[in-house]
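Derivation of every value follows stated rules applied to the coordinates shown; laboratory data play no part. Computed from a predicted model, the values in this text were never measured in an experiment. Cβ coordinates were reconstructed from backbone atoms using ideal geometry, including for glycine residues, and neighbour counts include every protein chain displayed.
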Amino acid sequence: MAECIFCKIAAGALPAQVVQWDTGLVAIEDRNPQAPTHLLVMPVEHHANLHDVAVDDPALMARLMELAAKLGRERGGDKGFRLVVNTGRDGGQTVDHVHVHVLAGRRMDWPPG
């Protein structure tokens, strides 16, 4: 997609702090981190959202989650990590290219407050 910022990053047309390249996947540092570790893991090929990649390419979906979990384990260690996937405008998705947020390094109290 010509206007997709994540497609441009995956193509090397925009700079990013790349953490890891994998077959058809890229992981980058989030430019606006919400935790000490905040990575974005995404397919190189454009898929608009979680539903689309799950339906169109379940094997890619599995690899996407596998890499996100691997990086979460490496960055969060025994203390843990969170994987977050926002889907659609009402789900908080701001870039229409599926990506998994990997968050670690800060305790998430639940319930909040």
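Before moving on, here are some points about what is shown:
- If you run the Gaussian network model on the chain, springs between alpha carbon atoms under 10 Å, then out of Ala13, Ala48, Ala68 the most flexible one is Ala13.
- Between Val18 and Glu66, the simple label model (points 7 Å from Cα in the Cβ direction) yields a spacing of 2.1 nm.
- Distance between the pseudo-spin-label points of Met108 and Val84 (7 Å out from Cα toward the beta carbon): 0.7 nm.
- In a reduced charge model with +1 at each Lys and Arg Cβ and -1 at each Asp and Glu Cβ, the chain shows a dipole moment near 500 debye about its Cα centre.
- Sorted by Cβ neighbour density within 10 Å, fewest at the top, the residues His99, His51, His38: His51, His38, His99
- Directionally averaged shadow of the chain, computed from the convex hull of its alpha-carbon atoms, nm²: 7.5
- In nm, spacing of pseudo-spin labels at Glu3 and Val44 (7 Å Cα→C-beta vector): 2.5
- Cα long-axis angle, helix 58-76 against the chain (0 to 90 degrees, to the nearest 10): 40
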